[in-house]
Amino acid sequence: MASPAVPIFLSRLDASLVDPATVTYLQDLVNFLHRRCFHIACDGQIAAMEDPTFDIFRLRPEPSLLAGVPDQVAAAIATLEELLQQGSPVLAAYTRAAARIRRAEQQQQEAFNAAMSELHDAECAVADYLDAYDAARAHLAWNRHAIRCSAARVMAVTSSVLIGDEASVAAMMAALVQNLMFYQYREQAMLIGVSRMAPYYYAALRRHQIALARVGAVYSTMDGAGDEERVIRDGARHFNESVAVLCEYMA
């Protein structure tokens, strides 16, 4: 595709030398293309597949009447038609690329939603383990207080002169010691329970970190887009050069 270079000087349109249908066609093209980028022009042509009134070539004379139009302008028009007419390779590549981008955006949104859901679940799991740990610590603190109280009572009994028979004293000491041992055994069970919580907590924390990383991840583009992106870039360059020639001619 040979795109016309923008000339240093290009004569303006002399409507008296050009077929009126061609003048109307060129004016309509300029009105649509002036200050519009290649992507907007492609989007318009894609929309024209559903509604022909959007087709920028709808006023094209058949057969094309370019008598009196400079060669550079004729080449610019031919380039634009080759780029943007229905069925052109460039427009087809752009259509596929646009669909691929939409799919990628949808996939990214779905992946983001899934990652956010996983992050929420992980945060809840971490919070649950922290709540359970705080509750276990509170129970452990209460149990240790009970141990201290029981030990103090045992010490008080052993250091005091009690009035009563030996059987009563022995029974009281046995009850106090048994109570103390109960709290001590329960403390050991609580400590084991707390220690067993740690791996689950760290697993939940790791899950949270992974979910957080997923939320911030950059998703890779789909394979096979490289060649089409090159076609689209080249098409955009030819488009800009051709529009510049046409706008200069119709100014």
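Under a crude label model (7 Å from the Cα following the beta-carbon direction), how far is ALA135 from ALA203 in nanometres?
1.9 nm
Give me the extension gain from ASP71 to MET181: residue separation times 0.36 nm, minus the current Cα-Cα distance, reported in nm with one decimal.
Numbers: separation 110, 0.36 × 110 = 39.60 nm, distance 10.61 nm.
The span from ASP71 to MET181 would gain 29.0 nm if fully extended.
Can you compute 3J(HN,Hα) from phi for each residue in region 189-204, using the Karplus curve 6.51 cos²θ - 1.76 cosθ + 1.60 with θ = phi - 60°, rounded to whole Hz and x for Gly and Pro?
5, 5, 5, 5, x, 5, 5, 6, 6, 4, x, 5, 5, 5, 5, 5
With just the Cα atoms defining each centre, how far is region 59-130 from region 231-251? Give it in Å.
Value for the Cα centre distance between the two parts: 20 Å.
Pop the C-beta distance of ASP121 and ILE192 into the FRET formula with R0 = 35 Å and round what comes out to the nearest 0.05.
Efficiency, from the Cβ-Cβ distance: 0.80.
Rounded to whole Hz and in sequence order, give me ³J(HN,Hα) for region 75-88 from the Karplus expression 6.51 cos²θ - 1.76 cosθ + 1.60, θ = phi - 60°, writing x for Gly and Pro.
Each residue of region 75-88 in turn: 5, 5, 5, 4, 5, 4, 5, 5, 6, 10, 5, 4, x, 5 Hz.
In nm, to one decimal, how far is the modelled label at GLU229 from the one at HIS39, with both set 7 Å along Cα→Cβ?
Distance between label points: 1.3 nm.
For a Förster distance of 22 Å, can you work out the FRET efficiency between the beta-carbons of MET250 and GLU81, rounded to the nearest 0.05?
Efficiency computed from Cβ-Cβ geometry: 0.85.
Values in this text are rule-based calculations from the coordinates and carry no lab data. Every value quoted in this text rests on a predicted model; they were computed, and no experiment measured them. FYI the Cβ positions are ideal-geometry reconstructions off the backbone, even for glycines, and counts take in every protein chain you see.
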